[in-house]
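Data block below; observations after.
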Amino acid sequence: MRSRRTIGTVFVAYAQRLRTPTIYNAIKEAEQLKIARFGFPASVRRHFDRLEEFPRGLLPFGDAICRFNPVYGQGMSVAAQEARFAPRDPPEAAPTSRTRSRGLAAAFFSEAATLIETPWALAAVPDLAHPKAEGERPEDLEQRLAFSEALNRVAAEDPARSTNCCLKCCTLLSSTKRSSNDPDLASERGEEPR
């Protein structure tokens with residue numbers, strides 16, 4: 001097992017090799033207090049929207065549908081947005097409400113699935129770039145990783161613009177699909193803006 005001093009030295013050396021010196025400059029003179037480890041086994045997404053039937057009277061949301069690595073800070077934002085899609089009226093006890101309540105759950109899960117796409121792309125998909133990471137890789141994984149790489153390059157040149165783009169995606173005000181059409185990001189990927 002490495003000592004704290006060795007781990008810290010390796011970390012600072014790694015930071016020095018990053019594309020921009022921002023992190024290295026911030027930590028090179030810092031006193032290392034403690035390296036905290038954060039154990040999070042995996043991001044999990046459950047596709048209730050793909051079920052043919054769902055138990056009546058139940059409506060999971062938040063982490064029950066999709067659990068994000070807390071480092072990215074997406075879980076509470078997604079849960080709050082999902083709450084907007086929840087049915088406002090409790091289903092009546094009348095037999096005719098059974099069909100209605102099934103329709104409410106299906107509509108909710110459909111809306112939630114659409115909502116989750118952007119934060120999932122930002123928080124879970126980049127982990128799949130690592131060969132040992134487990135999980136279903138989307139067909140457009142290379143495109144998504146190219147978007148992240150282009151965003152990093154733009155961040156090095158124009159931090160304000162890339163921060164604005166990232167914040168819109170992270171706070172669910174925009175989608176990664178919409179942001180990926182940004183002319184600067186397209187040119188960084190060697191593409192024509194759409």
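Report, by residue number, each residue of region 25-68 that is open to solvent by 60 Å² or more (accessible area, probe 1.4 Å), under 19 Å from the mean Cα position of the chain (by Cα) and at pLDDT below 80.
Residues satisfying the conditions are F38, G39, P41.
Has region 80-99 got at least one residue that is modelled with pLDDT of 80 or more and touching an Asp or Glu at 6+ places or on another chain (Cβ under 7 Å)?
Yes, the conditions are met somewhere in region 80-99.
Would you please name the residue that is farthest from Q81 (Cα to Cα), looking only at residues in region 108-133 that are touching a helix residue (DSSP H, G or I) at 6+ places or on another chain (Cβ under 9 Å) and charged (D, E, K, R)?
If we take residues in region 108-133 being touching a helix residue (DSSP H, G or I) at 6+ places or on another chain (Cβ under 9 Å) and charged (D, E, K, R), then E117 is farthest from Q81 (Cα to Cα).
For region 31-76, name all the residues that are hydrophobic (A, V, I, L, M, F, W, C) and either touching a His at 6+ places or on another chain (Cβ under 9 Å) or closer than 20 Å to L104 by Cα (or both).
Restricting attention to region 31-76, the residues satisfying the condition of being hydrophobic (A, V, I, L, M, F, W, C) are 33, 35-36, 38, 40, 42, 44, 48, 51, 54, 58-59, 61, 64-66, 68, 71, 76.
Of everything in region 31-76, those that are hydrophobic (A, V, I, L, M, F, W, C) and either touching a His at 6+ places or on another chain (Cβ under 9 Å) or closer than 20 Å to L104 by Cα (or both) turn out to be F48, L51, F54, L58, L59, F61, A64, I65, C66.
Residue-wise test of (1) assigned to a loop (DSSP other than H, G, I, E, B); (2) open to solvent by less than 50 Å² (accessible area, probe 1.4 Å); (3) modelled with pLDDT of 75 or more.
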{"position": "L128", "(1), (2), (3)": "no, yes, yes"}
{"position": "A133", "(1), (2), (3)": "yes, yes, yes"}
{"position": "E139", "(1), (2), (3)": "yes, no, yes"}
{"position": "S148", "(1), (2), (3)": "no, yes, yes"}
{"position": "L173", "(1), (2), (3)": "yes, no, no"}
{"position": "S187", "(1), (2), (3)": "no, no, no"}
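Against the conditions (1) within 21 Å of D127 (Cβ to Cβ); (2) at pLDDT below 80, where does G75 fall short? Just the number, please.
(2) is the only condition that G75 fails.
Need pairs with beta-carbon distance below 6 Å; first residue more than 18 Å from A146 (Cβ to Cβ) and within region 106-127, second not in a helix (DSSP H, G or I); sequence gap 6+ or separate chains.
From residues that are more than 18 Å from A146 (Cβ to Cβ), the pairs are A112/I65; I116/C66; P119/Q74.
The values are calculated or read from the model by the stated rules, or taken from the named source; none is laboratory data. Computed from a predicted model, the values in this text were never measured in an experiment. So basically every Cβ, Gly included, is an ideal-geometry build from the backbone, and we count neighbours across all protein chains shown. Please note that ligands, DNA and RNA were not included when accessible areas were found on the heavy atoms of the full protein model with its side chains. Shrake-Rupley method; radii C 1.70, N 1.55, O 1.52, S 1.80 Å.
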